[in-house]
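Heads up: the structure comes next, in structure tokens.
The values are calculated or read from the model by the stated rules, or taken from the named source; none is laboratory data. What you are looking at is a predicted structure, and each value in this text was computed from that prediction instead of being measured. Cβ: placed from backbone, ideal geometry, glycine included. Neighbour counts: every protein chain shown.
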Amino acid sequence: MEALSVQKVNKVYDKTVQALQDITFEIREGELFGLVGPDGAGKSTLFNILTTLLLPDSGEIRILGMDLINDYKLVRQEIGYLPGTFSLYPDLSVKENLDFFAVMYKSNIEENMDLIRPIWRQIEPFSKRKAGKLSGGMKQKLALCCALIHRPRILFLDEPTTGVDPVSRKEFWEILQTIKTQGITVLVSTPYMDEATLCDRIALIQNGKILGIDTPQSIIQHFKGTLYTFRSADIFSLLKALEDCPLQCNYYPYGEYCHIAFYEDMETAMPQFLQFLEEQGQEHGEIKPIQPSIEDCFIEIVKMHRHE
Amino acid sequence: MKELRMILKKEFIHIFRDRITLLLVLAMPVALVLLFGFTISTDIHNARIAVLDHSKDSQSQAFIQKLSSSNYFQIVSYPNTETEIDFQFKENNIKLAIVIPHNFESQLEKEHNTTIQVIDDVSDLNIASILNNYVRSVVLDFQNEYNESITHGEPFSITTKMEYNSNMESVYMFVPGIITLIMILVTALMSSITLAREKETGTMRMLFITPVKKIYVVIGKVIPYMIISFISTIVIIVISVFVFKMPLNGSIFFLLLLCIIFMLTAASFGMLISTISTTQLDAMMITMMGLFLPTVLLSGFLFPLNSMPMVFQVLANIFPAKWFILAIKDVMIKGSGFFDVWPYLTILFGMAVIFISISLKMLDKRN
Amino acid sequence: MNSIEVDHLTKKFGDFVAVNEISFQVREGEIFGFLGANGAGKTTAIKMMSGLLQPTSGKAIVAGYDVTTQAKLIKRNIGYMSQRFSLYNDLTVFENMQLFGTIYKIPRTELKQRIMDSLAALELTKQANLLVNSIPLGWKQKLAFATAILHKPKIVFLDEPTSGVDPIVRREFWNLIYQTASTGVTILVTTHYMDEAEYCHRISIMADGNIRLLGTPEELKQQVGVSTINDVFVEYVKH
């Protein structure tokens with residue numbers, strides 16, 4: 001059964017800003033689904049709609065068999081939400097916040113302790129501290145406990161790792177995996193492309209449109225170009241030089257490397273490219289073919305949509 | 001119900017952990033009432049008055065003696081006719097004139113009743129009404145002493161008759177006014193600000209995606225501030241009665257009931273404001289401009305309504321404060337009961353119901 | 001020549017040591033990556049270097065001025081951009097730049113030309129009169145950067161400038177950083193994107209108020225024996 005089915009959802013703000021355009025996707029029960037895209041892509045609008053706070057202009061949404069638009073009161077008991085910004089009471093203590101949301105959901109902490117225990121254990125030493133005085137990571141763990149306290153069947157997480165350092169991000173994704181094993185369906189959004197590979201399936205979203213939905217592996221398989229990577233002593237002079245490259249290609253810095261995706265027959269294109277680099281006087285390391293990452297795919301898909 | 005209890009608990013935590021605001025909210029009524037009370041009642045010493053004594057007997061002399069020995073008055077002239085009094089007023093020589101009737105002493109002795117006429121300068125209503133009260137207190141003193149001096153015989157009373165200012169505005173007008181302001185500040189302003197704060201911090205969203213009923217959220221917001229402002233109201237009344245000797249002629253319980261209904265109206269207005277504002281600043285500005293200012297200007301508390309242009313008199317009707325002040329004045333000063341003021345109560349209650357229903361509708365909108 | 005010299009710089013808040021005797025130098029025109037976990041002390045260190053916060057002890061010379069005694073001069077000679085606060089949403093692009101330009105006392109006669117030049121460089125001339133809140137985040141960040149360097153500072157502090165920005169715009173943004181650095185401006189940048197760390201000339205990794213590692217990305221990877229900066233980071237900032 002589908003845990004969530006979103007069909008042709010549209011939302012326009014102020015009559016001009018198309019925040020969401022024909023958004024359509026389904027999430028299976030127990031799936032960890034990623035919504036990948038930059039800030040301003042429409043992810044937060046979508047979350048507001050899915051968490052019953054906002055009505056779409058058109059479209060149909062079913063959550064666990066319920067109609068989200070009309071049965072929103074029933075839906076609320078079944079969903080949990082971790083918003084992108086800290087949204088608990090800063091002047092209430094950690095424990096008071098948790099108690100409060102437990103009662104709001106007609107739930108009790110003891111009953112669902114097994115679900116939140118791994119997270120709760122980390123913040124329990126601070127249970128008397130005011131939530132506003134916690135560090136960023138702790139705040140987020142508390143918010144996650146509050147979102148899970150009623151054992152929701154679907155959990156929505158809006159950019160839980162934006163502005164979070166790589167170590168804490170890794171920890172957070174480990175927590176998400178354990179939540180998934182509890183049978184909870186998870187929809188998580190992120191601007192970090194590397195996190196996408198940790199999802200069962202992802203939707204790439206930009207400017208209110210879904211550019212593609214698939215498993216990360218399949219998205220990578222569908223990369224259209226032929227991707228190469230190589231080093232250069234001065235990557236920015238290299239990029240400058242590549243502006244004049246006559247071949248059909250897409251190039252960009254990728255960490256210490258330069259990635260270049262060709263849309264050509266490589267038999268003839270590669271010698272041409274090597275010759276071009278030589279003419280430009282660009283020194284470079286070995287040019288190796290490489291398996292694209294989700295970030296490479298995203299860049300390719302966005303650039304293609306731009307050309308359309 | 002457990003949810004409502006929890007929301008109330010949470011709300012009280014907010015209130016008690018924000019010490020500065022709590023202190024401000026509790027100290028403000030006391031400060032306001034003392035400020036108004038003392039500036040109004042103590043500024044007037046040795047007001048220049050004239051006494052026209054038609055009687056010229058020993059009792060009238062005793063009364064005049066009483067007047068001049070009080071700190072309140074300085075008798076600057078003893079005119080012989082009413083026209084002379086008029087002249088003195090026009091010259092701005094006196095603030096008040098007292099006319100002792102013919103046969104003052106014999107009226108006292110035989111009829112145990114007499115009438116002293118007080119003529120005010122209406123150019124300053126506040127001062128006039130304060131002076132009137134001073135005259136009253138002197139008369140009361142005089143009367144008590146007289147009653148003591150005759151060991152037997154019936155007590156008598158002196159009626160003062162006011163001229164120039166027939167619909168006597170009481171000096172105590174500031175008390176209902178302050179109660180109104182405090183209730184609006186505490187209930188409307190505080191509840192609208194704290195609700196807007198929940199919007200700002202995002203906790204409102206978290207609250208609204210839970211299955212909790214909206215009405216609980218609203219009631220939970222309103223009740224704590226009603227309790228606080230109720231305490232303030234009692235403090236104001238106690239200070240007014242015991243420090244400023246304000247008359248409290250109506251039933252205290254009915255008075256408090258009236259206050260509760262007005263608080264409900266003010267709080268529901270606050271709710272309405274917070275539904276249309278997105279930030280605390282918005283909420284504060286709208287409450288100040290849309291409720292507090294009209295209350296100060298258009299409730300008849302500082303500026304008499306009937307001397308305003310028609311537009312404002314009509315406009316005043318849509319603000320709850322006008323109705324509350326009418327009712328509370330009647331109850332405190334005239335001693336009116338439910339059957340005298342029920343129309344005002346109905347209006348206030350009706351406003352509360354309308355504001356709350358609109359707020360709930362607005363909160364339920366999902367856009 | 002060094003444009004930033006930090007020597008045993010320390011900041012304590014009560015018993016808590018936010019920054020613990022850090023020392024490093026940044027050369028003129030260098031892009032210096034200032035990495036670290038959340039709460040490692042990066043923001044406190046940047047505040048001290050930009051003259052907003054008095055150090056408890058230690059010394060820092062920024063753009064030739066001492067942070068403890070010449071904070072005002074430092075503020076005039078640095079640019080600052082953060083993901084949290086950068087531009088006023090209810091002003092237009094032009095008004096924002098005009099405002100900051102005026103704050104930094106750019107002569108009125110010159111200001112307009114500088115703004116137009118800087119917008120032309122970003123190819124955003126047409127957007128000059130749009131309200132900031134109506135333009136996409138990627139543009140906003142680029143504009144915020146252009147605004148931060150409008151007064152031609154010697155050093156620019158960038159605090160998570162690319163947080164939440166899409167991969168293409170992030171690369172465009174780094175292009176801007178490179179162009180600016182090539183004119184001799186020193187850049188000190190924080191980021192949580194480890195691929196961006198690779199773009200820096202040198203990086204430092206902070207944890208618990210200390211600088212744990214410092215060097216070129218290549219040196220650090222060799223030192224730790226891993227192949228990416230992400231692995232270096234994870235290795236050194238374990239909780």
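Selection within the range A:226-248: residues that are more than 26 Å from C:Ile31 (Cβ to Cβ) and crowded, with 18+ Cβ neighbours inside 10 Å. The member of this set that is nearest to the other protein chains (Cβ to nearest Cβ) is A:Leu227. Comparison of A:Pro160, A:Pro125 shows that the only residue that is at pLDDT 90 or above and farther than 23 Å from A:Leu35 by Cβ is A:Pro125.
Just one of the listed residues (B:Gln59, B:Gln74, B:Gln117) is farther than 30 Å from B:Ile223 by Cβ, part of a helix (DSSP H, G or I) and not assigned by TED's automatic domain parsing to the domain that holds B:Ile223, and it is B:Gln59. Selection of the range C:151-169 for residues being touching a Lys or Arg at 6+ places or on another chain (Cβ under 8 Å) and buried (at least 23 other Cβ atoms within 10 Å of the Cβ) yields only C:Thr162.
Scanning the range A:57-93 for residues that are away from every other protein chain (no Cβ under 12 Å) and out of contact with any strand residue (DSSP E or B) (no Cβ under 8 Å at 6 or more places or on another chain) gives A:Gly65, A:Met66. The residues of the range A:139-172 that are free of Cβ contacts under 8 Å to residues at least 40 places away in the same chain and either outside the structural domain of A:Leu82 (by TED's automatic domain parsing) or on the phi < 0 side of the Ramachandran plot (or both), listed by number, are A:Lys141, A:Thr161, A:Val164, A:Asp165, A:Pro166, A:Val167, A:Ser168, A:Arg169, A:Lys170, A:Glu171, A:Phe172.
Among what's in the range C:125-149 and is aliphatic (A, V, I, L, M) and without any contact (Cβ under 8 Å) to a residue 60 or more places away in the chain, pick the residue that is nearest to A:Val164 (Cα to Cα).
If we take residues in the range C:125-149 being aliphatic (A, V, I, L, M) and without any contact (Cβ under 8 Å) to a residue 60 or more places away in the chain, then C:Leu137 is nearest to A:Val164 (Cα to Cα).
Looking only at the range C:46-57, which residues are small (Gly, Ala, Ser) and in contact with a helix residue (DSSP H, G or I) (Cβ under 9 Å, 6 or more places away or on another chain)? Listed by number, the residues that qualify are C:Ser50, C:Gly51. The number of residues in the range C:117-153 that are at pLDDT 90 or above, away from chain A (no Cβ under 14 Å) and under 30 Å from C:Ile4 (Cβ atoms) comes to 13. Per this entry, A:Thr268 is counted among residues that are more than 12 Å from chain C (Cβ to nearest Cβ), in a helix (DSSP H, G or I) and either over 29 Å from the mean Cα position of the chain (by Cα) or within 22 Å of C:Asn175 (Cβ to Cβ) (or both). With respect to the conditions (1) away from chain B (no Cβ under 11 Å); (2) closer than 21 Å to A:Cys145 by Cβ; (3) surrounded by 22 or more Cβ atoms within 10 Å (Cβ to Cβ), A:Glu110 lacks only one, and its number is (3). The C-beta contact set for the range B:340-367 (first residue part of a helix (DSSP H, G or I), second residue surrounded by 15 or more Cβ atoms within 10 Å (Cβ to Cβ) and acidic (Asp, Glu), distance under 8 angstrom, 6+ apart or interchain) comprises B:Asp340/B:Asp330; B:Val341/B:Asp330. When B:Leu4, B:Leu32, B:Leu52 are checked against the criterion of being surrounded by 15 or more Cβ atoms within 10 Å (Cβ to Cβ) and within 14 Å of another protein chain (Cβ to nearest Cβ), a single residue qualifies: B:Leu4.
Checked against the criterion of being within 21 Å of the chain's Cα centre (by Cα) and not in a strand (DSSP E or B), the candidates A:Phe223, A:Phe276 yield just one match: A:Phe223. For C:Gln98, the criteria (1) without any contact (Cβ under 8 Å) to a residue 24 or more places away in the chain; (2) surrounded by fewer than 18 Cβ atoms within 10 Å (Cβ to Cβ) hold in every case but one, which is (2).
Only residues that are surrounded by 18 or more Cβ atoms within 10 Å (Cβ to Cβ) and outside any helix (DSSP H, G or I) were counted in the range B:194-210, giving 2. Of everything in the range A:182-197, what is within 11 Å of another protein chain (Cβ to nearest Cβ) and either more than 16 Å from A:Pro216 (Cβ to Cβ) or assigned to a loop (DSSP other than H, G, I, E, B) (or both)? Give them in sequence order. A:Pro191, A:Tyr192, listed by residue number. Collect the residues in the range C:198-218 that are touching a residue at least 60 places away in the same chain (Cβ under 8 Å), more than 8 Å from every other protein chain (Cβ to nearest Cβ) and either assigned to a helix (DSSP H, G or I) or of a type outside the set (Val, Ile, Thr) (or both), keeping them in residue-number order. Matches in the range C:198-218: C:Cys200, C:His201, C:Arg202, C:Ser204, C:Met206, C:Ala207, C:Asp208, C:Gly209, C:Asn210, C:Leu214.
The set of residues from the range B:211-236 being part of a helix (DSSP H, G or I), surrounded by fewer than 21 Cβ atoms within 10 Å (Cβ to Cβ) and among the charged types (D, E, K, R) comprises just one member, B:Lys214.
Restricting attention to the range B:242-270, the residues being part of a helix (DSSP H, G or I), free of Cβ contacts under 8 Å to residues at least 24 places away in the same chain and under 15 Å from the mean Cα position of the chain (by Cα) number 1. Are any of the residues in the range A:198-207 more than 12 Å from every other protein chain (Cβ to nearest Cβ), assigned to a strand (DSSP E or B) and crowded, with 22+ Cβ neighbours inside 10 Å? Yes, that holds for at least one residue. Where helices (runs of 4 or more DSSP H) fall entirely within the range A:94-176, those with at least 3 residues that are touching a Phe, Trp or Tyr at 6+ places or on another chain (Cβ under 8 Å) and within 28 Å of B:Met1 (Cα to Cα) are at A:94-104, A:136-148.
For every residue, the table says whether it meets (1) of a type in the set (Gly, Ala, Ser); (2) over 20 Å from A:Ser5 (Cβ atoms); (3) outside the structural domain of A:Pro125 (by TED's automatic domain parsing).
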{"position": "A:Ser44", "(1), (2), (3)": "yes, yes, no"}
{"position": "A:Phe47", "(1), (2), (3)": "no, no, no"}
{"position": "A:Ser58", "(1), (2), (3)": "yes, no, no"}
{"position": "A:Ile63", "(1), (2), (3)": "no, no, no"}
{"position": "A:Asp67", "(1), (2), (3)": "no, no, no"}
{"position": "A:Tyr72", "(1), (2), (3)": "no, no, no"}
{"position": "A:Val75", "(1), (2), (3)": "no, no, no"}
{"position": "A:Thr85", "(1), (2), (3)": "no, yes, no"}
{"position": "A:Val94", "(1), (2), (3)": "no, yes, no"}
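The number of residues in the range C:45-67 that are surrounded by fewer than 22 Cβ atoms within 10 Å (Cβ to Cβ), in contact (Cβ under 8 Å) with a residue 12 or more places away in the chain and either within 14 Å of chain A (Cβ to nearest Cβ) or under 21 Å from C:Gly14 (Cα atoms) (or both) comes to 9.
Just name the residue that is surrounded by the fewest Cβ atoms within 10 Å (Cβ to Cβ) out of those in the range A:33-67 that are hydroxyl-bearing (Ser, Thr, Tyr) and at pLDDT 90 or above.
My answer is A:Ser58.
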